[in-house]
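Undergrad: After the structure tokens below, expect a handful of questions from me.
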Amino acid sequence: MKGVFDQDKWSLVASELKAENLKLASYDNTLIPLLGDIRGKKILDYGGGPGVLALALKRLGADVKEYDIFPDMIKEAAKKIGKKNVYHTIKQIPKNHFDFIICNLVLCIVPEKEVENIVKNIHSELNKNGVAYIGFCNPKIFNINESQLDFRFVTDRKYEENHNYKKIKKEGRYEIMELHRPIEWYEKVYKKAGLKLIDKIFTPEYTLKGHKIKDFIIFKLKK
Ligand SMILES: C[S@@+](CC[C@H](N)C(=O)[O-])C[C@H]1O[C@@H](n2cnc3c(N)ncnc32)[C@H](O)[C@@H]1O
């Protein structure tokens, strides 16, 4: 089984990420309507992976750019949205520029210091009315051992404690390490970077084996 235990190993599962239909149905279909009419809007997909969402947003008429730390991901994204629409380094990303910055399922896989860096970068890249949507697996379901998306090796750690646990993704059948941090921990990081929390949106609830589950949380933030 493939395993992704480092942030620079995500290219190992680029093809699996492209085929994540369940995740798309749950996450992207919650996120896209939040953006409203995006024709002509300047959007950055930060950590956009193989560019699936970036392409969907481009088709809806947005001026979409993508940045990802991993060159193979950027290559994949460039095939979909065009070479001139991808950034290879942080320095290439313009400051005070974007109407929307999307950052999906990135903060939950990087170390704490990197979460702070990414959030600071997002703050500086948004224009003055810009809105960021930052989302990842819902920390509140950290102790549920199966969701529609994955099987989890639940530990005895508490919700309030930052800790790691292993998951097997049902789509793609690869292992990842989830870095659990409570919602409140992320809220402190946003505040420290100067981002105001506007809303917390969750993907639709369903019941599996007696548990009520909302897979993802999306934070809406402004400068
Ligand atoms: C789970 S994937 C999510 C991809 C995409 N956003 C999605 O929702 O399908 C995580 C992505 O974050 C990228 N990544 C990891 N660390 C990063 C960092 N420090 N800055 C930018 N991208 C990063 C990985 O290369 C990978 O493409």
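Undergrad: Just the accessible area per residue of the range 124-216, please: how many Å² with a 1.4 Å probe?
TA: 50
Undergrad: Would you please give the FRET efficiency between Asp199 and Asn127, computed as 1/(1 + (r/R0)^6) with r the Cβ-Cβ distance and R0 = 25 Å, to the nearest 0.05?
TA: Once the sixth-power term is evaluated, E becomes 0.80.
Undergrad: Set the Förster radius R0 to 45 Å, insert the Cβ-Cβ distance between Ile183 and Lys83 as r into 1/(1 + (r/R0)^6), and round the FRET efficiency to 0.05.
TA: Computed FRET efficiency for Ile183 and Lys83: 0.75.
Undergrad: OK, next. Would you work out the relative contact order for the chain, in percent, from Cα pairs under 8 angstrom that are 6 or more residues apart?
TA: Working: 448 pairs, mean separation 44.1, N = 223.
Relative contact order of the chain: 20 percent.
Undergrad: Measuring from label point to label point, each 7 Å out along Cα→Cβ, what is the Lys113 to Leu24 span in nm?
TA: The two pseudo-label positions are separated by 3.7 nm.
Undergrad: Leaving ligands, DNA and RNA out of it, report the carbon-plus-sulfur percent of the accessible area of the chain at a 1.4 Å probe.
TA: 53
Undergrad: What is the distance, in nm, between label points placed 7 Å from the Cα along the Cα-to-Cβ direction at Lys209 and at Gln92?
TA: It is 4.4 nm.
Undergrad: Follow-up. Going down the table (Lys42/Lys91; Lys42/Lys166; Lys169/Lys214; Lys65/Lys167; Lys80/Lys166; Lys58/Lys220), which pairs top 28 Å between alpha carbons?
TA: The pairs that break the limit, which is 28 Å between Cα atoms, are Lys42/Lys166; Lys65/Lys167; Lys80/Lys166.
Undergrad: Rounded to the nearest Å, what's the spacing between the alpha carbon centres of the range 22-49 and the range 147-223? Just the number, please.
TA: Using only Cα atoms, the two centres lie 18 Å from each other.
Undergrad: Of all beta bridges DSSP finds with both residues in the chain, what is the antiparallel percent, to the nearest 5?
TA: Of the beta bridges lying entirely in the chain, close to 60 percent run antiparallel.
Undergrad: Compute the FRET efficiency between Lys191 and Gln148 as 1/(1 + (r/R0)^6), taking r as their Cβ-Cβ distance and R0 = 25 Å, and round to the nearest 0.05.
TA: Efficiency, rounded to the nearest 0.05: 0.20.
Undergrad: Can you tell me how much longer the chain between Ile168 and Leu60 gets when fully stretched, taken as 0.36 nm per residue apart minus their C-alpha distance, in nm with one decimal? If you can, show how the numbers build up before the last one.
TA: Details: separation 108, 0.36 × 108 = 38.88 nm, distance 3.26 nm.
The Ile168-Leu60 span can extend by a further 35.6 nm.
Undergrad: Can you give the Kirkwood hydrodynamic radius of the range 66-221 from its Cα pairs, in Å with one decimal? Please report the intermediate quantities before stating the final value.
TA: Numbers: mean 1/r = 0.0593 Å⁻¹.
Kirkwood hydrodynamic radius for the range 66-221: 16.9 Å.
Undergrad: Please return the longest stretch of the chain lacking exposed loop sites, where GluC sites (Glu not before Pro) count only if DSSP places them in a loop and at most 14 other Cβ atoms lie within 10 Å.
TA: Details: sites that count: Glu160, Glu161, Glu205.
The reported range is 1-159.
Undergrad: Counting DSSP beta bridges in the range 94-189, what percent are antiparallel, to the nearest 5?
TA: Within the range 94-189, antiparallel bridges account for around 60 percent of the total.
The values are calculated or read from the model by the stated rules, or taken from the named source; none is laboratory data. Because the structure is predicted, anything quoted here is derived from the model rather than measured. Neighbour counts are summed over all protein chains in view; Cβ atoms, including those assigned to glycine, are modelled from backbone coordinates with ideal geometry. SASA here: full protein model, heavy atoms, side chains in, ligands and nucleic acids out. Shrake-Rupley method; radii C 1.70, N 1.55, O 1.52, S 1.80 Å.
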